[in-house]
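Input: a single structure, listed below in structure tokens.
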Amino acid sequence: MTDSAPTLMRGQEVAAALEAELRKGFDTLGFAPGLAVVRVGDDPASEIYVNHKIRACERLGFYSEAHHLPASSTQSEVQQKLEALNADSRIHGILLQLPLPQHLDEKPLLSVIDPAKDVDGFHPINGGRLLAGQPHLLPCTPAGIMEILRYYDVQLEGLRAVVIGRSNIVGKPMALLLLQANASVSVLHSRTPDLSAYTREADLIVVAVGKQKVLTAEMVKPGVVVVDVGMNRLEGRKVTGDVDFDSVAPRCRLITPVPGGVGPMTIAMLLKNTLLAAQSYT
Ligand code: NAP
């Protein structure tokens, strides 16, 4: 057990601080950064996420467009929409809302987006830049986690860090960002035979799996810092993370709650990337 109750790392607070910074950056830009969000089909969760992104733009005075294509859209119709936005000088950032309907192939479409407008940071060129240690537009969720760790003054150099999950949008870029900050990083996944062998030694654990209770109290050492990326929908509208919060939190120095931890940072980082893309455009 830790000597005192853990501090909750609240993404809402970090996002508000970041938005204040972004307003200053926007003031000196002299024009409104423009974000286009493309949604294909009628996934209800995607509709909610897109609305949140558009509202966030409006809050900061960014220009925004929401493009809704029918679920029956072909690969080339979506591609044409993305190409038109690439050529549109009012638009500095383009986001293709995932998941796409099953008949569409997401990877080639993500590669159609101009890397300079790729505010989700999913284009292979931006992934390659991160790998090469020359990051520009970073994937929003892991970049948001880095902001949270900075805000709560977690010194990463020399830490033993464990990332559970190796997706292209969270786990892998998270591991690269921690490595760049001089942590020693292990990446675990579904074929890792014994997660505990790694997590029990870790000073920092980031869990991005999408399954409840992947991390439990006996898997962590006292004083650990835990970041829970998971968003698992329960009955009704309730959401829970991947960490068994009630048992793990008392052992932690710092932990993110779900909801209210990582989630709020993702949109704040999208706005930051849109501003960065607009600044690079000038
Ligand atoms: P994903 O693409 O499904 O990847 C999940 C990863 O977890 C995979 O690498 C998988 O390993 C690994 N995994 C699965 N079962 C495991 C187990 N029992 N033990 C260890 N590793 C296991 O998911 P994602 O897109 O990275 O998202 C992960 C979670 O974060 C989801 O709940 C998602 O909703 C949430 N999320 C939240 C935000 C936010 O803003 N808060 C943003 C993005 C994602 P393999 O590679 O071997 O299959």
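Computed from the coordinates by the stated procedures, all read-outs in this text should not be read as laboratory data. Predicted model, so just to flag it, every value in this text is computed and none were measured. Counting neighbours? That spans all protein chains shown, and the Cβs are built from the backbone with ideal geometry, glycine included.
Structural remarks
- Aspartates and glutamates whose Cα lies under 16 Å from that of Lys81, excluding same-chain neighbours fewer than 8 positions away: Glu65, Asp105, Glu106, Asp114, Asp118
- Region 32-114: relative contact order as a whole-number percent, Cα under 8 Å and 6+ apart: 43 percent
- Segment Lys107-Glu13, extension gain: residue separation times 0.36 nm, minus the distance between their alpha carbons: 30.5 nm
- Sequence-separation-based contact order of the chain, relative, with Cα cut under 8 Å and 6+ spacing, percent: 23 percent
- Nearby lysines by direct alpha-carbon distance to Lys24 (threshold 16 angstrom, same-chain neighbours under 8 apart not counted): Lys272
- Cα gyration tensor category, rounded, prolate or oblate, for region 45-125 with a/c compared to 1.5: oblate
- Each peptide in 221-234, 100-113, 120-133 receives the mean, over its residues, of other Cβ atoms within 10 Å, and ordering these scores from highest gives 221-234, 120-133, 100-113.
- Cα centroid separation - region 1-76 against region 172-212, whole Å: 26 Å
- What the phi angles of region 128-139 give under the Karplus curve with 6.51, -1.76 and 1.60, with θ = phi - 60°, is a coupling list of x, 4, 4, 4, 7, x, 10, x, 10, 9, 9, x Hz, glycine and proline written as x.
- Amide H partners (placed H, <5 Å) of Val224, local residues excluded: Arg253
- For Leu96, the residues whose modelled amide H falls within less than 5 Å of its own, excluding neighbours fewer than 5 places apart on the same chain, are Val38.
- Set of lysines near Lys221 by C-alpha distance (under 23 Å), chain-local residues within fewer than 8 positions excluded: Lys211, Lys213
- Mean residue ellipticity, 222 nm, helices only, the chain: the sum of -39500 (n - 2.57) across DSSP H runs of n ≥ 4, divided by residue count and rounded to 500, is -12000 deg cm²/dmol.
- For region 139-263: rounded, prolate or oblate by the Cα gyration tensor [a/c cutoff 1.5]: rounded
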